[in-house]
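Take a look at the structure set out below.
The values are calculated or read from the model by the stated rules, or taken from the named source; none is laboratory data. This one's a predicted model, so the numbers in the text were calculated from it and none came from an experiment. As a convention, Cβ positions derive from the backbone with ideal geometry for all residues, glycine included, and neighbour counts pool all protein chains shown.
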Amino acid sequence: MTERPPGSGSRSAETLADFSVIGIALREVLRRDRVRMKDLEKEQGWYTGIISAWLRGAIALPADRFFEILAAINLGTHEFFRIVYPMEEVPERSNSEHFEAQGDMENLTTCLRLHLRHAIRSRGYKQLQVERIVGWTPRYLSTILSGRQPLSLLHCLAIVRAVGLTPAQFFLSLDCERAQDDGEQDDGEDEKPAES
């Protein structure tokens, strides 16, 4: 299954602009730290040119690959988003750095999915509403959040914008311990369509 782009309109433009800002910041961090993309690709066992393709949006950047890039350059998620959004208010520190230090990408991606689910629920949205806002077909969000569809950075940004958050608000509040607790209490209520 291929990734479906966010819907049309200003939300889509915001999502693409967010992705561009993150891509530019990541390129700058790599340049600052004198990390060559092709060396990083070789080290990770990826195809030559894949990072550049991800950052220009030619190929969807999987969330786990994004975390792997940050881990490879010894940069935590909070630290990276602090660089990208230096003026945002900093939420309380979370335990997500524990996962990053271990380089446990599966736990980070699971944490990210749970945090997205929490953001949707806490902002008063149903999954169907988010799908309509973003322009996805019904149940597509469920496949992303359940792990049946790979989670990309563009998916994250589209969902975050759809529920009225900025990427900085979302990523700087990433709290894997709280997300784990919320995930365990999931009763599937988000799966029901919203009443019109």
Next item on the list: Tell me which of these Glu100 doesn't satisfy, since it passes every other one: (1) at pLDDT below 55; (2) more than 24 Å from Gly23 (Cβ to Cβ).
Entry: (2)
Note to self: Show the residue pairs meeting these rules: Cβ distance below 8 Å; 6+ apart or different chains; first residue within segment 118-140 and closer than 13 Å to Ala158 by Cβ; second residue hydroxyl-bearing (Ser, Thr, Tyr) and assigned to a loop (DSSP other than H, G, I, E, B).
What the structure shows: Glu131/Thr137; Gly135/Ser8
Checklist line | Sole residue being at pLDDT below 90 and surrounded by fewer than 17 Cβ atoms within 10 Å (Cβ to Cβ), chosen from Pro6, Pro91 | finding: Pro91
